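The values are calculated or read from the model by the stated rules, or taken from the named source; none is laboratory data. Quick caveat, the model's predicted, so the values are computed rather than measured. Reconstructed Cβ throughout: ideal geometry from the backbone, glycine too, with neighbour counts over all protein chains shown. In case anyone asks, the SASA skips ligands and DNA or RNA and just uses the protein heavy atoms, side chains included. Shrake-Rupley method; radii C 1.70, N 1.55, O 1.52, S 1.80 Å.
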Amino acid sequence: MPVDAASLPDRDRSEVAATEARLRDAALAGDVSALDALLADDLVFIDSAGRLLTKQQDLDLHRTGMLTLTRLEFSDYRLSPLGADAMLVWLRVEAEGTAAGAPFAAALRFTRVWRREGARWRIASIHASAIA
């Protein structure tokens, strides 16, 4: 059952926002180590084409250069607590880069579930949809 956003400590909101910024920076840099630290081991990722990806499959896209990102602009960023240790985040992303060697530009809507694991927040689930 969702928790009232007002009851979520400001520290948790700030931590998730800062972690979202680290995610963006790591994805732009192709920093697989940083991405590995931000993604939960049991990640479920549904990409904008509807494919189900595991954490390793997502990391491999970056590791092999099959996906390189040159622009990630986040907007319409919102969050909703799902309990003491989980947060739902949704946002719009303008992305550019190359996928399988072909350039792309896309407007996407992302939904992410962040889960607190010990002292850090990690992504447990991602869903991406293409938008106009």
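Some points to look at:
- Subset of the stretch 81-109 [open to solvent by 30 Å² or more (accessible area, probe 1.4 Å) and farther than 19 Å from residue 66 by Cβ]: 82, 84, 85, 88, 90, 92, 94, 109
- Selected residue (criterion: modelled with the lowest pLDDT) from residues of the stretch 1-47 that are among the acidic types (Asp, Glu) and open to solvent by 70 Å² or more (accessible area, probe 1.4 Å): 4
- Hits in the stretch 55-78 (condition: open to solvent by 70 Å² or more (accessible area, probe 1.4 Å), of a type in the set (Val, Ile, Thr) and either touching a Lys or Arg at 6+ places or on another chain (Cβ under 9 Å) or closer than 19 Å to residue 22 by Cβ (or both)): 70
- Options 95, 132: the member that is more than 16 Å from residue 18 (Cβ to Cβ), outside any strand (DSSP E or B) and not hydroxyl-bearing (Ser, Thr, Tyr): 132
Yes or no, residue by residue, for (1) small (Gly, Ala, Ser); (2) in contact with an Asp or Glu (Cβ under 7 Å, 6 or more places away or on another chain); (3) without any contact (Cβ under 8 Å) to a residue 60 or more places away in the chain; (4) in a strand (DSSP E or B):
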position: 36; (1), (2), (3), (4): no, no, yes, no
position: 42; (1), (2), (3), (4): no, no, no, yes
position: 56; (1), (2), (3), (4): no, no, yes, no
position: 59; (1), (2), (3), (4): no, yes, yes, no
position: 65; (1), (2), (3), (4): yes, no, yes, no
position: 73; (1), (2), (3), (4): no, yes, yes, yes
position: 80; (1), (2), (3), (4): yes, no, no, yes
